[in-house]
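Here, each number is a calculation from the coordinates, and none is a lab measurement. All values reported here derive from a predicted model rather than from experimental measurement. In this analysis, Cβ positions are derived from the backbone assuming ideal geometry, glycine residues included, and neighbour counts consider all displayed protein chains.
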Amino acid sequence: MRPMTTQHDPRDGTGPSGRATLLLTAELAEPAQGLFEGLRQRHFPPERNLIPAHVSVFHTLPGDARARIAARLRALAAERCAVEVTEPFTLGRGVAFRLRSPALLAARAALARDWAGWLTAQDAQGYRPHVTVQNKVTADTARETLWRLRQGFAPFSTEVVAWRLWRYLGGPWEALERVALPEVADPVSGGIRTGEASC
């Protein structure tokens, strides 16, 4: 019998329950999304770069709950989440960018309460949003990448523009659902507010 694990099993694309697993991510606005995708293309080992740049929200959700998950995301999708990209940091054998977003944390906490019975140990622990741009390299390579990315870096603001639901395929992911978050209209000017959104 295969031992139970909280990680995805790359042999068959199933989670700890033996069912096909889904993943939930947050999509950032441009130009941030494109910036992170470019950095991932540049710094990730090509043979391991099977998925786009992303902000993980939940790593393992039941594959037979797709409709319920999508419906809950549509109900939650009120406004965009303001996000600050604060710094690049080390993953040991990779590099990621740390994100600060009270709105994203609050939205994820609400989902975690609703889906508590589904959560693996990995998803039930503390949530620290980030975007990985390099992984599975040597520690020396990761240190060099971190040094380069820190040169001239300044924190900047972006926002979450959509929830993305994926099916895990034992390596690559299959895109299933994209739930867009609406822009927030300024009640005074009638234009679009930026940097003030919340999920």
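Please name whichever of F44, L76, P62 sits farthest to the positive end of the charge dipole of the stretch 30-99, dipole taken about the Cα centre and charges placed at Cβ: Lys and Arg +1, Asp and Glu -1.
P62
Can you bin the stretch 21-179 into rounded, prolate or oblate? Criterion: square roots of the alpha carbon gyration tensor eigenvalues sorted a ≥ b ≥ c, rounded for a/c under 1.5, prolate for a/b above b/c, oblate for the rest.
Values: a/c = 1.88, a/b = 1.47, b/c = 1.28.
Prolate is the answer for the stretch 21-179, as a/c is 1.5 or above and a/b outweighs b/c.
Of T21, L99, G34, which is farthest along the charge dipole of the stretch 17-118 in the positive direction, counting Lys and Arg as +1 and Asp and Glu as -1 at C-beta?
Sorting the options by dipole projection puts first T21.
What ³J(HN,Hα) values, in whole Hz, does the Karplus curve 6.51 cos²θ - 1.76 cosθ + 1.60 give for the stretch 109-123 when θ = phi - 60°, with x put for Gly and Pro?
Residue by residue, the stretch 109-123 yields 4, 5, 5, 4, 5, 5, 10, 3, x, 9, 6, 6, 4, 4, 7 Hz.
What are the ³J(HN,Hα) couplings of the stretch 98-105, residue after residue, when phi is run through the Karplus curve with 6.51, -1.76, 1.60 and θ = phi - 60°? Round to Hz, x for glycine and proline.
For the stretch 98-105, the Karplus-derived couplings read 7, 10, 10, 7, x, 5, 5, 4 Hz, x marking Gly and Pro.
Residues with amide H under 5 Å of V83's amide H, sequence separation 5 or more or different chain, H placed in the peptide plane at 1.01 Å from N; which?
T158, E159, V160
Once the dipole of the stretch 21-179 is set up with Lys and Arg at +1 and Asp and Glu at -1 on Cβ about the Cα centre, which of P155, T132, V179 lies farthest towards its positive end?
The one lying farthest along the dipole's positive direction is T132.
Going by average Cβ density within 10 Å per residue, which order do the peptides 94-101, 109-116, 27-34, 167-174 take, highest to lowest?
Order by mean packing, descending: 94-101, 27-34, 167-174, 109-116.
Charges at C-beta only: +1 for Lys and Arg, -1 for Asp and Glu. How large is the resulting dipole of the stretch 41-174 about its Cα centre, in Debye rounded to 20?
40 debye
Output ³J(HN,Hα) for the stretch 147-153: one whole-Hz value per residue in order, computed from phi by the Karplus curve 6.51 cos²θ - 1.76 cosθ + 1.60 with θ = phi - 60°, and x for Gly and Pro.
Each residue's phi maps through the Karplus curve to give 4, 5, 6, 6, 5, x, 6 Hz.
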